Every structure is written in structure tokens, then in C-alpha cells.
Amino acid sequence: MLTSMLASLLLLLPLMLLCRITICQYSSDQCSWKGSGLTHEGHARDVEQVYLRCSQGSLEWLYPTGAIIVNLRPNMVSPAAARLSVCIKPSSYSSGTNVYLDRNGKLRLLLRDQDQAQGKVQCFSIQEGALFIEAVPHMDISRRITSFQYELVNDRLGREVRSLGAPCQPCSDNEMLLAVCTNDFVARGSITKVEKEEEHSSVTVEISRLYRQKTQVFLSGGVRVRRWTGHIKMPLQCGVRSGDGEFLFTGTVRFGEAWMGCAPRYKDFLRLYREAQTQGTNPCHVDTD
């Protein structure tokens, strides 16, 4: 009987070890991770591997000590995955670490400890490596928390985020038609106010026709009032102004905020759309009634 029990334990041992590694390396949903540096106490040079495999999520590291390596990968096998960028946005209370890019053991500083609270979005190509997050030594770590959100986006959008948005040049006809089919939000409306903030403009819009929105960036005025309002961000250098006329607003949603993409006057879009409709070159159908 003793021999039988030992044999059973030997069979279970690899499974127990595998479960222990999995719990250590993966968050429960593979999208977000929350850990504590207290598990490194007495082992200040420990480096823990973290694997996140979603298009968006978050990380929160309490009382950081030692270091963690965060491997961000899409949960798919595709050649397009190599053309993705990673964007991270630190929380306003994030501190206690320096964040580097680790590519084959070579580190490049991405975000300093003292800069994290500014909440600026940082983007890099997924091929540039993993995130190496190293705790900065402090006498009191009880107030230190490193926290950020992340999103995987296409490389073009990642480059736009790095330059604080689009290059402020008119979209081509093909780009305009494609934006209506693929962007995170599409809406018809007018600009009511423009406010200049530290590094971008915040455009207040009133929407008369909402075609699509990925998240609730535009809020309804009520069941009987078929109008929506919201704010869309643009780089300062675009010099947008409020004024008369209707526009077709398209763009992307980054960390819950709407960023402007193509925004032609609606009459110009309508002319372009009808021409493409006649020629049979529309990439998708839009209800223009």
C-alpha cells in the first residue's frame, strides 16, 4: 500500500509543480495582474515573470521590491501580431519603480519613477521586447504602488500616440471611407467648444446621428432627445476651432478617451460616399438617410 501511495505522489508531483508555475506566471484572466513585492522580501533581487495575453488590461504592483518582467502578447498566432504596438498609461498615483524595455537583456529606459504620476501614454513596438519593471530602493515602501493600463494597437496608431495624435493632415478619400468602416466611433455632428489643455485640445461635440461607438464616449440626452454629447481629443498643433456646419467625426478610443481621426465636413463625405457607391468601391454600407 505504501508503494502504491508513493507511486501516486510521484505521478502528481509534476502536475503540482506545473500548477505552481502557472499561478506564479499568469493572472487569473490572463488580462490583468496584481501582485505584491512583499513576496520578494528578503530576496530583493528576485525577478518574477508575468505573462499577459489580452488586447487590453492592467497591472498593479503593491510595495514593489526586486523586479518583474512583463511579457505582453496577443492571444493569437498571426503574422499581423508582429506589427502591433503596446501602449501603457500609468495611474496618477503610480510610483516606486523605473520601467525599461528589455530586449535580449539590453535595457532601454521607458519611464522614470518620478514621471509616472503625469499619466502620459507611452507606446512601443511589440518587437522591442518585454517590460522590465525595477523597484527603486526606498526606506518606506508602504506608500509605493506601480499601476498602469495597457492596450495592444496597430503600429500606425502606436506611432500616432507617440506623436500625440495624427499628423493633422487631411485624410485621403480612401482613408476617409475606410475610417467609417473600421474606426472605434463614427458620428455626425457639430463642434460647440474647443479647450486647450496641456498637450492637446479637448473638442466638445454635439452629435445628431451616432453610427457606432466602441465605448460610451458620447452620452445621450435622454430617450426622447436623440442627441449625444461628448469630448474628442486632438493634438494642439491641429488648431481646431468651433464653428458652423456638420462634420463626420471618426477616430479611436484610447484608455477610455476618444481621439479624432478623419473628420470631413458631412457634405463632403456624402459627396464622396455617393460617388464610391455609384462606382461600387465602398468598403462598407453607411445609412445616409
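The values are calculated or read from the model by the stated rules, or taken from the named source; none is laboratory data. Fair warning: this is a prediction, and the values are worked out from it, not measured in the lab. Calculation scope for accessible area: heavy atoms of the full protein, side chains included, ligands and nucleic acids excluded. Shrake-Rupley method; radii C 1.70, N 1.55, O 1.52, S 1.80 Å.
If the limit is 21 Å between Cα atoms, which of LYS233/LYS267; LYS193/LYS233; LYS89/LYS193; LYS34/LYS106; LYS34/LYS214 go over it? From the list (LYS233/LYS267; LYS193/LYS233; LYS89/LYS193; LYS34/LYS106; LYS34/LYS214), the Cα-Cα distance tops 21 Å for LYS233/LYS267; LYS89/LYS193; LYS34/LYS106; LYS34/LYS214. For the range 180-289, the alpha-carbon coordinates run over 45, 36, 29 Å along the three principal axes, in decreasing order.
Protein heavy-atom surface of the range 203-289, 1.4 angstrom probe: 48% of the accessible area is carbon and sulfur, with nucleic acids and ligands not counted.
Based on the alpha-carbon set only, what is the convex hull volume of the range 172-221 divided per residue, in Å³?
Numbers: hull volume 5.9 nm³, N = 50.
Output value, Cα hull per residue: 118 Å³.
Residues whose amide H comes within less than 5 Å of that of GLY57, counting only those at least five positions distant or on another chain, are TYR150 (H built at 1.01 Å from N in the peptide plane). Here's how it looks for GLY261: its modeled amide H is under 5 Å from those of THR250, GLY251, THR252, which are all 5 or more places away or on a different chain.
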